[in-house]
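Below is one structure; the comments refer to it alone.
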Amino acid sequence: MVSIPWLWSCCLDTQTLVYILLFGLLGLAIHKRLRKKPVFLDPRGRAVLITGCDSGFGNLLAHRLLDLGFTVFAACLFPDGEGAQALLTHSSPGQVKVIKLDVTSDKEIEQVKQYVQDHLPDKGLWGLVNNAGISLWGLVEWQTIDKFQKSIDVNLLGSIRTVLAFAPLIRKNKGRMVFLSSTNAYVSFMNSVYSLTKAGLEKFCDCLRLEMKRFGVQVCIIEPGNYARATHIQPHADAEQVWDSLPADAKEGYGKELIKYLTNLLNEKLDGGSRKGHEVVDAIVDALTSPTPKARYLVASLKEKVAVYLHLWLPTFLFDQIILSSISNYVNGPHSDT
């Protein structure tokens, strides 16, 4: 019988552990290098449909894909706007097709579907990027059901509408579906409306990813952190405007001082956002072009990544305490404007 000391000396001595570590690091380096390969397919003759191209990530991505040689269907809420018009002057004639699309409109979805089918290049529709979205901040009691419904209609149902319309075209070409989620799908405070739409989108994509495997279609989720200064998706808040919009019960329960504190907290967070929107665009391009795309791309600061991992692995009560300790004024501050 083999003795335990012998196993330890052969398999668990320091030198062996160092070799294991080195081989592991080498394997990771090789994997990373392979994933950094240039575009593995010829973009010419392949189309990508992007929603929300008026500004932000959608507009940046459209410019990048045009430079790579893709045909781009740039769906914009305002096709005559500055962002849409900049796309028309950026590319060769016919390479970009700016189309009006409100993702909450079933009628416009059908019209865009027909337009795309009628104007596809030779190799068809390769990619669908669901980027269109809106942001809404504030505590639950500050919201109305109309605000919840609007956000769900744009951020969640909007993506579902495009999938139902364009999945057959993507399946035909064994292409890619990419969805813009957020770290707020995991870490939430003061943004229940936005967070629930992104968490719902994550679970929808988890189902879709498994369903599409048999067809060779890859489904990828992009999870950006705070890129508020790059996208301007959330404008700065004004405490007086927030106060004036609240129902009487909310004013009584929270108080004006707490409103000011939370408004300042939001604005500080927005000011601390990254301007490097290209980082998120890089991840989307990888999802569209890599031979081995990731199911999820967490594009965030180290602090935001740690917060996501803590949320996933810590007991809920402990993670809650960490979040609440970072906003102690919310917990310990005045509870009414008395």
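The values are calculated or read from the model by the stated rules, or taken from the named source; none is laboratory data. Quick caveat, the model's predicted, so the values are computed rather than measured. Cβ placement follows ideal geometry from the backbone for every residue including glycine, while neighbour counts extend to all protein chains displayed. Protein only, heavy atoms only, side chains kept; ligands, DNA and RNA dropped before computing areas. Shrake-Rupley method; radii C 1.70, N 1.55, O 1.52, S 1.80 Å.
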Note to self: The conditions are (1) modelled with pLDDT of 95 or more; (2) open to solvent by 10 Å² or more (accessible area, probe 1.4 Å); (3) more than 23 Å from L139 (Cα to Cα); (4) not acidic (D, E), and L196 fails exactly one of them. Which is it?
What the structure shows: (3)
Check: When you go through A74, A62 one by one, which is the residue that is assigned to a strand (DSSP E or B), surrounded by 10 or more Cβ atoms within 10 Å (Cβ to Cβ) and at pLDDT 95 or above?
Finding: A74
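Does the stretch 46-58 contain any residue that is more than 30 Å from I152 (Cβ to Cβ) and either modelled with pLDDT under 95 or more than 22 Å from the chain's Cα centre (by Cα) (or both)?
Going residue by residue through the stretch 46-58, those that are more than 30 Å from I152 (Cβ to Cβ) are 46.
Next, from what is left, pick out any that are either modelled with pLDDT under 95 or more than 22 Å from the chain's Cα centre (by Cα) (or both): 46.
Within the stretch 46-58 (the criterion being more than 30 Å from I152 (Cβ to Cβ) and either modelled with pLDDT under 95 or more than 22 Å from the chain's Cα centre (by Cα) (or both)), the answer is yes, since at least one residue qualifies.
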Next item on the list: Scan the stretch 177-193 residue by residue and report those that are more than 14 Å from the chain's Cα centre (by Cα) and open to solvent by 10 Å² or more (accessible area, probe 1.4 Å).
Entry: S188, F189, M190, N191, S192
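Quick test for you: out of V116, V163, V129, V154, pick the one residue that is out of contact with any His (no Cβ under 7 Å at 6 or more places or on another chain) and not in a helix (DSSP H, G or I). First the steps, then the outcome.
Numbers: V116 fails: not in a helix (DSSP H, G or I); V163 fails: not in a helix (DSSP H, G or I); V154 fails: not in a helix (DSSP H, G or I).
Criteria check complete, one pass: V129.
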Checklist line | Single unsatisfied condition, I170 versus (1) over 24 Å from L60 (Cα atoms); (2) surrounded by 14 or more Cβ atoms within 10 Å (Cβ to Cβ); (3) touching a helix residue (DSSP H, G or I) at 6+ places or on another chain (Cβ under 9 Å) | finding: (1)
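Can you tell me which residue among G225, G216 is in contact (Cβ under 8 Å) with a residue 60 or more places away in the chain and either closer than 22 Å to V285 by Cβ or crowded, with 18+ Cβ neighbours inside 10 Å (or both)? Steps first, answer last, please.
Values: G216 fails: in contact (Cβ under 8 Å) with a residue 60 or more places away in the chain.
Going through G225, G216 in turn, just one is in contact (Cβ under 8 Å) with a residue 60 or more places away in the chain and either closer than 22 Å to V285 by Cβ or crowded, with 18+ Cβ neighbours inside 10 Å (or both): G225.
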Notebook entry, point to check: How many residues are at pLDDT 95 or above, within 20 Å of the chain's Cα centre (by Cα) and of a type in the set (F, W, Y) when one looks only at the stretch 98-155?
Noted result: 2
Notebook entry, point to check: When you look at A300, is it touching a helix residue (DSSP H, G or I) at 6+ places or on another chain (Cβ under 6 Å) and either open to solvent by less than 40 Å² (accessible area, probe 1.4 Å) or within 18 Å of N184 (Cα to Cα) (or both), yes or no?
Noted result: yes
Next item on the list: Kindly check whether there is at least one residue in the stretch 273-284 that is open to solvent by less than 20 Å² (accessible area, probe 1.4 Å) and within 28 Å of L324 (Cα to Cα).
Entry: yes
